[in-house]
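Q: One structure, pasted below without further comment.
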């Protein structure tokens, strides 16, 4: 196996595409939101990433194995979804980012939008998303531009490469106080944001129901089993 391979598994029409990147990160917001849209709309897988830098993981979906790092396409909408369920080790980020950007450019991607959590943000609860853009004016997309923050991992490498190569790139940050568990509420906010930008029309309410169930379970754990609770 070479260091990074991007293997096409199905053909799709030539067109100008936009890419949505949903990588595992704080709150697992990007990959949860992107995969929720992909499964809701039935967008087919067209490629996957195979690399010694990607921790081994195979998903079982609808009774079939599925790579953890893959590309799906919305042909009518001109969108490519790049999703990984894995946290990529630091030493693998640059080689994967370079190979991925090369593949995206070969497939006529003209703009890239990445989704990520913004940990421990002190923003107003009314602000669901902030943005940073290189050659994309995020304020025209209806989101406040971020003044301070940080990117890490694949998103960081891709931002640097896109800036140097003149590829429009926007990072969409979703404030979260969760790092190691799924933030379903923020994932729902991400789905709503992508609906607004790209007209997917996907109902985010199942994610919000998961958030409510997660919160109730956490409250129950805090209360304890109740064996010695006074009536």
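Read-outs: derived from the displayed coordinates by stated rules, not from any lab. These numbers come from a predicted model, not from an experiment. Note that each Cβ is placed from the backbone with ideal geometry, even for glycine, and that neighbours are counted across all protein chains shown.
Q: Does at least one position in region 58-66 carry a residue that is touching a strand residue (DSSP E or B) at 6+ places or on another chain (Cβ under 7 Å), surrounded by fewer than 23 Cβ atoms within 10 Å (Cβ to Cβ), closer than 14 Å to residue 154 by Cβ and free of Cβ contacts under 8 Å to residues at least 60 places away in the same chain?
A: No; the residues of region 58-66 include none that is touching a strand residue (DSSP E or B) at 6+ places or on another chain (Cβ under 7 Å), surrounded by fewer than 23 Cβ atoms within 10 Å (Cβ to Cβ), closer than 14 Å to residue 154 by Cβ and free of Cβ contacts under 8 Å to residues at least 60 places away in the same chain.
Q: Restricted to region 11-57, and to residues that are without any contact (Cβ under 8 Å) to a residue 40 or more places away in the chain and touching a strand residue (DSSP E or B) at 6+ places or on another chain (Cβ under 9 Å), which residue is farthest from residue 152 (Cα to Cα)? Write out each step before concluding.
A: Just the residues of region 11-57 that are without any contact (Cβ under 8 Å) to a residue 40 or more places away in the chain, to begin with: 11, 39, 42-46, 55-57.
So of that shortlist, the ones also touching a strand residue (DSSP E or B) at 6+ places or on another chain (Cβ under 9 Å) come out as 11, 39, 43-46, 57.
Working: 11: 32, 39: 27, 43: 28, 44: 28, 45: 26, 46: 26, 57: 22 Å.
Among those residues, the one meeting the criterion is 11.
Q: Among the residues of region 171-188, count how many are within 14 Å of residue 206 (Cβ to Cβ) and either in contact with a strand residue (DSSP E or B) (Cβ under 7 Å, 6 or more places away or on another chain) or surrounded by fewer than 23 Cβ atoms within 10 Å (Cβ to Cβ) (or both).
A: Just the residues of region 171-188 that are within 14 Å of residue 206 (Cβ to Cβ), to begin with: 182, 184-185, 187-188.
From what's left, either in contact with a strand residue (DSSP E or B) (Cβ under 7 Å, 6 or more places away or on another chain) or surrounded by fewer than 23 Cβ atoms within 10 Å (Cβ to Cβ) (or both): 182, 185.
Counting residues in region 171-188 that are within 14 Å of residue 206 (Cβ to Cβ) and either in contact with a strand residue (DSSP E or B) (Cβ under 7 Å, 6 or more places away or on another chain) or surrounded by fewer than 23 Cβ atoms within 10 Å (Cβ to Cβ) (or both) gives 2.
Q: Then there's this: Identify all residues within region 162-179 that are out of contact with any helix residue (DSSP H, G or I) (no Cβ under 8 Å at 6 or more places or on another chain) and outside any strand (DSSP E or B); write none if there are none. Lay out the reasoning, then the answer.
A: Our first condition is that a residue be out of contact with any helix residue (DSSP H, G or I) (no Cβ under 8 Å at 6 or more places or on another chain); within region 162-179, this holds for 163-164, 166, 173, 177.
Once the filter is applied, which keeps residues that are out of contact with any helix residue (DSSP H, G or I) (no Cβ under 8 Å at 6 or more places or on another chain) and outside any strand (DSSP E or B), region 162-179 yields 163, 164, 166, 177.
Q: Let me ask something else. Give the number of residues within region 88-122 that are part of a loop (DSSP other than H, G, I, E, B) and surrounded by 16 or more Cβ atoms within 10 Å (Cβ to Cβ). Walk me through it before giving the result.
A: If we filter region 88-122 for residues that are part of a loop (DSSP other than H, G, I, E, B), which is where we start, we get 88-89, 107-108, 120-122.
Then drop every residue that is not surrounded by 16 or more Cβ atoms within 10 Å (Cβ to Cβ), which leaves 88, 107, 121.
Of the residues in region 88-122, 3 are part of a loop (DSSP other than H, G, I, E, B) and surrounded by 16 or more Cβ atoms within 10 Å (Cβ to Cβ).
Q: In addition: Scanning region 145-161 for residues that are in a loop (DSSP other than H, G, I, E, B) and within 19 Å of the chain's Cα centre (by Cα), which turns out surrounded by the most Cβ atoms within 10 Å (Cβ to Cβ)?
A: From region 145-161, those in a loop (DSSP other than H, G, I, E, B) are 146-152; that's our starting set.
Imposing the further condition that a residue be within 19 Å of the chain's Cα centre (by Cα) reduces the set to 146, 149-152.
Values: 146: 19, 149: 13, 150: 11, 151: 17, 152: 12.
The residue in question is 146.
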